[in-house]
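The structure appears right after this line, and notes come after that.
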Amino acid sequence: VRRASQGFDLEERGRSNQCPLDRSVLFSLPTAEAPLNPERTRQALVLQAIRDAGLAFDQPGRYDAFGFELTTAGMARAVLNLQQYLLGLDETDIAQASGPSLISYNYLAPRAVAMANLIPALAGLNDRPYTPSQRAAWRSIVGCLPCTLGLRNNEEVDALVLPHTFRINLNPAALLGEVDAFFADGNGPLADDLNQLLAVIAWSCVGCWFEREDRQRRQQQAERQQRQADLRRVIEAVTTPIQRLRG
């Protein structure tokens, strides 16, 4: 995703032994040994979270699909995208997505599922594993996404309003008890978890819009080249006999 990747360039961002999402320190550096390589620490953390979430390539189907219809290829691409995304996060808050975006069920489904599985896994690595009730509430909340994305499939919208829009749809009246219990920490880590999920979805919508624009641009360019080639053939078909007669 070109626009999103501009904000999370892997070569320019620093690495650390902090959680990619809430920035808390995950590993204390040993005083009697050489310091850990920050890049390797971050990479090891993300890879372990992927495995704990059941998203590794040798763990087919061990993740929670949250009611989404998914393909193996789509999930493989989504996990790779999110691995790069998490490795590229710096130590500041994620910038909020804005500008044109496209809600596409097929594009967003694997990314939403991958991130929704990764967030509890990262929380566990950060010594705050979800309780059974929190995990059930998280599943109920995320389980509202398939219907939400399906109803708004192929809709264009400013990415700035997407998190708020999705948040409303993820808090239906039937789930108020679970939602209230889940967010009992106010603006704490659990609230941040949902914010991170919505941020990933918003950035993915921006990326989806740019990918569609790029496809359309390449298609239009190919059509122009084809028309030019057809025109040259017509001109040759007309001029060649005339040139022969003149010759």
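The values are calculated or read from the model by the stated rules, or taken from the named source; none is laboratory data. On a predicted model such as this, the values are computed, not experimentally measured, just so you know. Here Cβ is always computed from backbone atoms with ideal geometry, including for glycine, and neighbour counts include all displayed protein chains.
Before we move on, is V161 under 20 Å from W203 (Cβ atoms) and at pLDDT 90 or above?
It is false that V161 is under 20 Å from W203 (Cβ atoms) and at pLDDT 90 or above.
To keep it simple, each residue is scored yes or no on (1) under 24 Å from A114 (Cα atoms); (2) of a type outside the set (S, T, Y); (3) modelled with pLDDT of 75 or more.
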residue	(1), (2), (3)
V157	yes, yes, yes
F166	yes, yes, yes
L175	yes, yes, no
C205	yes, yes, yes
R215	no, yes, yes
E223	no, yes, yes
D230	no, yes, yes
E236	no, yes, yes
I242	no, yes, no
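Within the range 127-149, the set of residues being closer than 22 Å to C205 by Cα, out of contact with any Gly (no Cβ under 7 Å at 6 or more places or on another chain) and not in a helix (DSSP H, G or I) comprises just one member, C144. Count of the range 192-217 residues, restricted to those that are within 20 Å of V79 (Cβ to Cβ) and over 13 Å from the mean Cα position of the chain (by Cα), is 2. Taking the range 131-164 as the range and being loosely packed, with under 12 Cβ neighbours inside 10 Å, under 21 Å from G188 (Cα atoms) and either out of contact with any helix residue (DSSP H, G or I) (no Cβ under 9 Å at 6 or more places or on another chain) or of a type in the set (A, V, I, L, M, F, W, C) (or both) as the test, the residues that pass are T131, P132.
Residue-level check: of (1) crowded, with 21+ Cβ neighbours inside 10 Å; (2) modelled with pLDDT under 90; (3) not in a helix (DSSP H, G or I), I94 misses just (1).
How many residues are β-branched (V, I, T) and in contact (Cβ under 8 Å) with a residue 24 or more places away in the chain when one looks only at the range 123-144? Residues in the range 123-144 being β-branched (V, I, T) and in contact (Cβ under 8 Å) with a residue 24 or more places away in the chain: 2 in total.
For the range 78-91, residues that are at pLDDT below 85 and aliphatic (A, V, I, L, M) total 3.
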